[in-house]
1. Give the label of the value calculated from the structure for log10 I(q)/I(0) by the Debye sum over Cα atoms at q = 0.13, 0.14, 0.16 Å⁻¹, choosing from (i) -0.93, -1.02, -1.16; (ii) -0.74, -0.86, -1.13; (iii) -0.85, -0.91, -1.02.
2. With every protein chain left in place, what is the accessible area per residue of segment 29-135 in square angstrom, probe 1.4 Å?
3. Can you tell me how segment 50-147 classifies by the Cα gyration tensor, rounded, prolate or oblate, using a/c under 1.5 as the rounded cut?
4. Work through the residues other than residue 81 whose Cβ is under 14 Å from its Cβ and net out their charges, Lys, Arg +1 and Asp, Glu -1.
5. Classify segment 1-110 as rounded, prolate or oblate from the Cα gyration tensor: take a ≥ b ≥ c as the square roots of its eigenvalues, call it rounded if a/c is under 1.5, otherwise prolate when a/b beats b/c and oblate if not.
6. Using only the alpha carbons, work out the radius of gyration and Dmax of segment 70-120 in angstrom.
7. Take the Cβ-Cβ distance between residue 87 and residue 192 as r, set R0 to 45 Å, and report the resulting FRET efficiency rounded to the nearest 0.05.
8. Can you send over the carbon and sulfur percentage of the accessible area for the chain, probe radius 1.4 Å, protein chains only?
Amino acid sequence: MELIGVFGGTFDPIHHGHLRMAQEVLDATPMAELRLIPCHVPAHREIPGATAEDRVKLLEIALAGGDPRLRIDRRELYRPGPSYMVDTLNSLRDSLGESVSLALILGADALQGLTGWSRWTQLIELAHLIILERPGYLPDWPIPLEEHLKDRWRNDPLCLIEAPQGFAIHVKVTQLDISASKIRSLIQNGQSADYLCPAPVLAEIKRRGLYLLD
C-alpha cells in the first residue's frame, strides 16, 4: 500500500526546521511522497503575513532540486473559509480512495492542542498519525486524547503501509529551534535571517519585499 504523508502549515515562510523535519520523516518511514499543504485561512492562529501566492512560490523555491518525494498540495488554497485538517483529509480520501495510506504529521505541541481542532476524533479514522518526538520533550496530553489513542500506538513504521489509516507512531526528529515568526521579526527589523531559511528563499523574500511591515 502506497503511503502519502500530509504536513500542513502556513509556511510563512518555509524554513530549515520544516525541511529537515520533512526529510527525517521520509527517511524514517516507507513514505512514497510527503505533501506540504499550505494553509489558506488558519483556524487556530494569526492570518499569514504573506499571501498564499507568495508562500507557495517560496515553497517551490525551497523544494527545487531537493528530495523529489517532497511535493506541494494546493487544495486548501482553493477552499473558502478556515482551513480545517479534517476537511483536507476527507478531500484527499475522495481523490485518492481507500487503497492509499495517509499519514498526518503532527508536532508534539500540536498534538497537545488536538482536542481543540474541528472534529478531531475523525482524524485517525482518515489517516495514521505520525507524532514528531523531540529530544528531552515530554508532552502532557489531555486525558480525552490519551483515551482516544490508547489502542492505536504502534512501534514499527511498516504498520503505516498495512492499513490506510488508524495507527499512531512516534518518529524522532532533530530539534532545530527555528520559527517563522522569528524570521519575520528579523526581516521587519532589518536584521539578517541568513541560515534560517534556504538562501534562495531569502533572496525571493527580499525581491518581493515580504514581511517588511506588520
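The values are calculated or read from the model by the stated rules, or taken from the named source; none is laboratory data. Not measured: the values here are computed from a predicted model. Please note: Cβ atoms are built from the backbone with ideal geometry, for glycine as well, and neighbour counts cover all protein chains shown. Ligands, DNA and RNA are excluded from the accessible area calculation, which covers all protein heavy atoms including side chains. Shrake-Rupley method; radii C 1.70, N 1.55, O 1.52, S 1.80 Å.
1. The calculated read-out lines up with (ii).
2. That works out to 42 Å² for each residue.
3. prolate
4. Local charge sum for residue 81: 0.
5. oblate
6. 12.1, 30
7. Efficiency, from the Cβ-Cβ distance: 0.70.
8. On the way: 5300 of 10480 Å².
Roughly 51 percent, rounded to a whole number.
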